[in-house]
Amino acid sequence: MNLLQRLGIDLPIIQAPMAGSQGSALAIAVSEAGGLGSQPCAMLTVEAMRNELATIRAATKKPFNVNFFCHTPPRADAVRETMWRDALAPYYRELGVDPNDIPKGAPRRPFDEEYADALAEFAPPVVSFHFGLPSRELVERCHAWGAFVLSSATTVDEARWLEDRGVDAVIAQGAEAGGHRGMFLTDDVTTQVGTFALLPQVVRAVKVPVIAAGGIADASGVVAALALGAAAVQIGTAYLLTPEATTGPVHRAALASDAARVTALTNVFTGRPARGIVNRLMRETGPMSSIAPPFPLAAFAVLPLRAKAEAAGSSDFSPLWSGQNPSGCKAIPAAQLTRELAADAA
Ligand SMILES: Cc1cc2nc3c(=O)[nH]c(=O)nc-3n(C[C@H](O)[C@H](O)[C@H](O)COP(=O)(O)O)c2cc1C
């Protein structure tokens, strides 16, 4: 049985889960069109996840993917936190933010027992992870209800590690990809290579099917990835302008502008390297900062700046996640985009 048969989909297109930029509406549209829609849960409470999954179940009988982060929550480091807030202090003054109002806690929560309990009620056919895998027990729970388990690899070593721990397919995430690097065996960004360098090496290194991600934006890109051995592709950036995505106005405007041609890996928004369109915060404090607190703690100090700036129509402090190839971004219904992407795939 090939990957598409195993996933129960008609088209070799997996819509990348994009936490903060989409919910069930995009997942439903892509799944209904014959691809695999994805529901990101990294920024959802268990209750919010339940609501989104109930919405998907009510809207479609087609398969869908549910996605989680599985980072190890960091220990809070007061010294680093203070250094980071000091670095941002001029911006707090400029925008009139009271540093005492900055929230504490974790804005992104890893997959855990509580998510797994709620997820089991829905028994989604596909579950994907970013930043490695949760414990063996949690992966086994997903397999126990019949889920097909995916995770992202950004190096050959990560692909082998994932295969050894029982993933059913590996997502080879090239350096072009928008959003967070899935890297988990290293934090050295010089190890990160492009999709068409990574993909054939991963295909040779593992026996499970490989899904290509990063910089794929049109039908010919899909065909090229399949020619290099991918069993399917995972596409994120191209969906960000569809009406079903929840991409905010300043992010949409940036994606549609010439500014989208210049992206970089940055850790200033969350503490982990992620690719976004270069903006003021990235230029002035990064794009990679040695003082940004570890993921996801860096995010808090930036949130109030983002809120103030966005209210004034500015994208200076917003994470403008985008891959290196924004040329496929189209403000057309996600179903139509999915069909266009798959148009030349046999
Ligand atoms: C806005 C945005 C948010 C993302 N959020 C997630 C996420 O929550 N979980 C995940 O596994 N991958 C996430 N990614 C990465 C995608 O899974 C995928 O690797 C990437 O979109 C592929 O490259 P492309 O953007 O060039 O198509 C995100 C990507 C973008 C653009």
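Calculated [222 nm] ellipticity per residue, helices only, for the chain: -11000 deg cm²/dmol; basis is -39500 (n - 2.57) per DSSP H run with n ≥ 4, divided by all residues, nearest 500. In terms of accessible area, using a 1.4 Å probe and ignoring ligands and nucleic acids, MET288, MET183 rank largest first as MET288, MET183.
So if each residue of separation counts as 0.36 nm, and I subtract the Cα-Cα distance between ARG165 and GLN5, what length gain in nm does that give? Additional length available on full extension: 55.3 nm. With the simple model of a label 7 Å out from the Cα in the direction of the Cβ, GLU137 to ARG75 spans 2.3 nm. Restriction of the trypsin sites (Lys or Arg not before Pro) in the range 191-254 to DSSP coil positions whose beta-carbon has at most 11 other beta-carbons within 10 angstrom yields LYS207. Between the amide H of VAL268 and those of SER289, distances stay under 5 Å, these residues lying 5 or more places away or on another chain, with hydrogens modeled in the peptide plane.
Relative contact order of the chain: 20 percent, from C-alpha pairs under 8 Å at least 6 residues apart in sequence. Per-residue Karplus couplings for the range 261-269, computed as 6.51 cos²θ - 1.76 cosθ + 1.60 with θ equal to phi - 60°, are listed in order as 6, 10, 10, 8, 7, 9, 10, 6, 8 Hz, Gly and Pro entered as x. When the solvent-accessible area of the chain is split by element, carbon and sulfur atoms take up 53 percent of it, the probe being 1.4 Å.
Straight-distance candidates among the aspartates and glutamates for linking to LYS62, with alpha-carbon spacing under 19 Å and chain neighbours fewer than 8 residues away dropped: ASP10, GLU32, GLU52, GLU121, GLU244. For HIS143, the solvent-accessible surface computed with a 1.4 Å probe is close to 70 Å², ligands and nucleic acids excluded.
Of the GluC sites (Glu not before Pro) in the range 25-84, not one is in a loop by DSSP (not H, G, I, E or B) with at most 12 other beta carbons within 10 Å. Debye-formula intensities of the range 95-185, expressed as log10 I(q)/I(0) at q = 0.18, 0.22 Å⁻¹, are -0.83, -1.08 (one equal scatterer per alpha-carbon, no solvent). Take GLU284: with every protein chain present and a 1.4 Å probe, its accessible area is about 110 Å². Among beta bridges from DSSP that stay inside the chain, the antiparallel ones total about 20%. For the range 206-292, the per residue solvent-accessible surface stands at 35 Å², with DNA, RNA and ligands left out and a 1.4 Å probe.
The values are calculated or read from the model by the stated rules, or taken from the named source; none is laboratory data. From a predicted model like this one, the values you see are computed outputs, not experimental measurements. With ideal geometry, Cβ positions are generated from the backbone for all residues, glycine too; neighbour counts draw on all protein chains shown. SASA here: full protein model, heavy atoms, side chains in, ligands and nucleic acids out. Shrake-Rupley method; radii C 1.70, N 1.55, O 1.52, S 1.80 Å.
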